[in-house]
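This report concerns only the one structure given below.
The values are calculated or read from the model by the stated rules, or taken from the named source; none is laboratory data. Keep in mind the model is a prediction, meaning the values are calculated, not measured. Cβ placement follows ideal geometry from the backbone for every residue including glycine, while neighbour counts extend to all protein chains displayed.
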Amino acid sequence: MTVAPAPANPLDEAVKFFPLGGEGAPAALLHGFGADHLTWLANQQAVAGAAAAFAVDLPGHGRSSMDVGDGALRTLAGIVAEAIDRKSLRNLHLIGHSLGAGVALQLADARPDLVASLVLITPPGLGKEIDRNFLTALPRLTTPEETLPLLQSLVVRPSLINKHVAAHLLSQLETPGARQALVQIADALAAGQVDIDRVLSSEAVRVKPRLVVWGEADAINPPDAERISAFGAKTVIVPQVGHLPHIEAARTFNETVVAFLGRRRAP
Amino acid sequence: MDAPVLMPQLGNEIEEAQITEWLKKVGDSVTEGEPVVSVTTPKVTMEIEAPASGKLKEIKVAVDELAKVGDTLAVIESA
């Protein structure tokens, strides 16, 4: 199996945007820690049916710059905001998974003019605690034997993560600067609970239409019912699914998000 | 009427995927939307759903073989 080179994107060197098609309001898909824009393969067609969709490689990931500054969510959001500004985009529906959900929350807080709504998949700050071991181990993986079980801890059905997926991650980690960038982001995530709590309660975030999606059996960032309830968003908890509900329950996820985006469309 | 199970669009960069597992066998009843086959791309494993309800009439691509976007992977005889 091969991955063809992505179309050149001369507008942005720091943050790569990958158009997925679709019309209407723009929607940006922001992946999780250690992933890239290809994580949305099972969702991109559905989202592009409801919006003009882009998948983004976050700083420190995929084909974007490995310069992540201090690695804090706020810093990553600032870099992404600059890229969005350069594209003259406004009022984006942000669909973020885990790390990407944290970036989406920070964007809504710092630059509410850029954000129309938030779809937050297993977001930081609303779970019991993010598995520090996962964050620590992932940037340091070097062999398929250690990579496969770590990635399989993301899901309930391990057959969804196989040796090809593990090999793809290992090849990405060999990008110069990738491991260091992920370590920086992991350290900042571990130290950033106070800041994410502030953002979750900020008025700029609270006024946005918000959808939270979670896997009930998430072992990486288990959902905290009390925190989720206090956040006050529409919430869908998918049973028998782990940290990747957009992959493990793609059909449910796609239907939920398309319905949410459909209600946000201008008349 | 026959309904083909097709390899879906996988974006601009991925043109083919490997059949990982058939979740149904020929002759099994399937319901529209029910996963019938899982395929692996270099990034993620995806389950492809039945486009119609009926019986799985034919499997055209075996496990471990590669199929291109748009290829017919199987045929469902609609109910």
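Report the residue count in region B:20-79 for those that are β-branched (V, I, T), farther than 24 Å from A:T252 by Cβ and crowded, with 17+ Cβ neighbours inside 10 Å.
Summing the residues that are β-branched (V, I, T), farther than 24 Å from A:T252 by Cβ and crowded, with 17+ Cβ neighbours inside 10 Å in region B:20-79 gives 3.
On the given criteria, is A:A186 surrounded by fewer than 21 Cβ atoms within 10 Å (Cβ to Cβ), aliphatic (A, V, I, L, M) and over 20 Å from B:M46 (Cβ atoms)?
no
Which numbered condition trips up A:R86, out of (1) under 14 Å from A:L200 (Cα atoms); (2) modelled with pLDDT under 95?
With (1) under 14 Å from A:L200 (Cα atoms); (2) modelled with pLDDT under 95 applied to A:R86, the lone miss is (1).
If B:E47 satisfies every condition in (1) assigned to a loop (DSSP other than H, G, I, E, B); (2) among the charged types (D, E, K, R); (3) within 14 Å of chain A (Cβ to nearest Cβ) but one, which is the exception?
B:E47 satisfies every listed condition except (1).
Between a first residue in region A:208-229 that is among the aromatic types (F, W, Y) and a second residue that is part of a strand (DSSP E or B) and buried (at least 22 other Cβ atoms within 10 Å of the Cβ), which pairs have beta carbons less than 8 Å apart while being 6 or more apart in sequence or on different chains?
A:W214/A:I121
Tell me, yes or no, whether region A:229-237 has at least one residue that is basic (K, R) and touching a strand residue (DSSP E or B) at 6+ places or on another chain (Cβ under 7 Å).
Among the residues of region A:229-237, at least one is basic (K, R) and touching a strand residue (DSSP E or B) at 6+ places or on another chain (Cβ under 7 Å), which makes the answer yes.
Under 7 Å between Cβ atoms, which residue pairs at least 6 apart in sequence (or on different chains) link something in region B:1-16 that is facing chain A (nearest Cβ under 7 Å) and in a loop (DSSP other than H, G, I, E, B) with a partner that is hydrophobic (A, V, I, L, M, F, W, C) and surrounded by 15 or more Cβ atoms within 10 Å (Cβ to Cβ)?
Once the first residue is facing chain A (nearest Cβ under 7 Å) and in a loop (DSSP other than H, G, I, E, B) and sits in region B:1-16, its partners that are hydrophobic (A, V, I, L, M, F, W, C) and surrounded by 15 or more Cβ atoms within 10 Å (Cβ to Cβ) give B:P8/B:I48; B:L10/A:L41; B:L10/B:A17; B:G11/A:L20; B:G11/A:L41; B:N12/A:A6; B:E13/A:V3; B:E13/A:A6.
What's the number of the condition A:E82 fails, among (1) more than 28 Å from A:A249 (Cβ to Cβ); (2) within 14 Å of chain B (Cβ to nearest Cβ)?
Status for A:E82: all satisfied but (2).
For a quick check of your reading: which helices (runs of 4 or more DSSP H) sit entirely within region A:115-178 and have at least 2 residues that are touching a residue at least 12 places away in the same chain (Cβ under 8 Å) and within 13 Å of another protein chain (Cβ to nearest Cβ)?
Per the criteria, A:144-152, A:163-173.
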